[in-house]
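J.: The structure that follows is given in the form of structure tokens.
The values are calculated or read from the model by the stated rules, or taken from the named source; none is laboratory data. Please read these numbers as outputs of a predicted model, since none were measured by experiment. Heads up, the Cβs are rebuilt from the backbone with ideal geometry, glycines too, and the neighbour counts pull from every protein chain shown.
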Amino acid sequence: MTATTAALESRWVERDLHAVADKNGYDLATSEGLEKARDHVSDIYDRVEDALRDQSIDRTEAVDVHSTGERQDFRRLVQQFERTDFNWPYSEDSQARQQGQNEVAAASDAFTDFADRSRDHAELASEAWDRNANDARGPEGYVPATERRMPDEDIQRAFTAIQMDRVREQEERAAQ
């Protein structure tokens, strides 16, 4: 994920939290108010998902990014992509090139393992690849953006869930 994308998602999450807090009188300066606002935002995202389903929008094989296992697996995949040096071919240092090549190979393997679960997994992994890989060719199972069927809202929701987890962890570390 690029710094720009992370900053944008962070602003969206913060905006949603503030809107919910303002409307419901939650004090975001307290952990109780913050937790209530987070729960409320999560409930809103769930209602949006239900509304899409009620409108008969095709969501076959939908990835439930809020299930604990899926969310953690997707987050680990995104974190691995973020740590991967996709620019390794441009390094003048042969050791850095070798390390980068190894990192990309490991990221490609992780991509394929995640993408093999379902079409939605492949599309979600492909979006994560696109956000991090600086135009590097997608690995086996990669779905080009023009062929993705997963609603943009579902893809964004997956990345927002990761961002919300990061915000929560930062606040917990700051409170210690």
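J.: Could you check, for the range 142-150, whether at least one of its residues is on the phi > 0 side of the Ramachandran plot and outside any helix (DSSP H, G or I)?
T.: No, the range 142-150 contains no residue that is on the phi > 0 side of the Ramachandran plot and outside any helix (DSSP H, G or I).
Here is a yes/no grid of residues against (1) assigned to a helix (DSSP H, G or I); (2) farther than 19 Å from residue 151 by Cβ; (3) hydroxyl-bearing (Ser, Thr, Tyr):
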site: 102; (1), (2), (3): yes, yes, no
site: 112; (1), (2), (3): yes, yes, yes
site: 123; (1), (2), (3): yes, no, no
site: 127; (1), (2), (3): yes, no, no
site: 135; (1), (2), (3): no, yes, no
site: 138; (1), (2), (3): no, yes, no
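J.: Looking at the range 70-105, which of the residues that are hydroxyl-bearing (Ser, Thr, Tyr) and farther than 16 Å from residue 135 by Cα is surrounded by the most Cβ atoms within 10 Å (Cβ to Cβ)?
T.: 91
J.: Among the residues of the range 122-135, are any surrounded by 14 or more Cβ atoms within 10 Å (Cβ to Cβ), within 15 Å of the chain's Cα centre (by Cα), of a type in the set (D, E, K, R) and farther than 16 Å from residue 73 by Cβ?
T.: Within the range 122-135, one or more residues are surrounded by 14 or more Cβ atoms within 10 Å (Cβ to Cβ), within 15 Å of the chain's Cα centre (by Cα), of a type in the set (D, E, K, R) and farther than 16 Å from residue 73 by Cβ.
J.: With the structure loaded, tell me whether residue 108 is among the polar types (S, T, N, Q) and either surrounded by fewer than 20 Cβ atoms within 10 Å (Cβ to Cβ) or modelled with pLDDT under 95 (or both) or whether it fails that test.
T.: In short, no.
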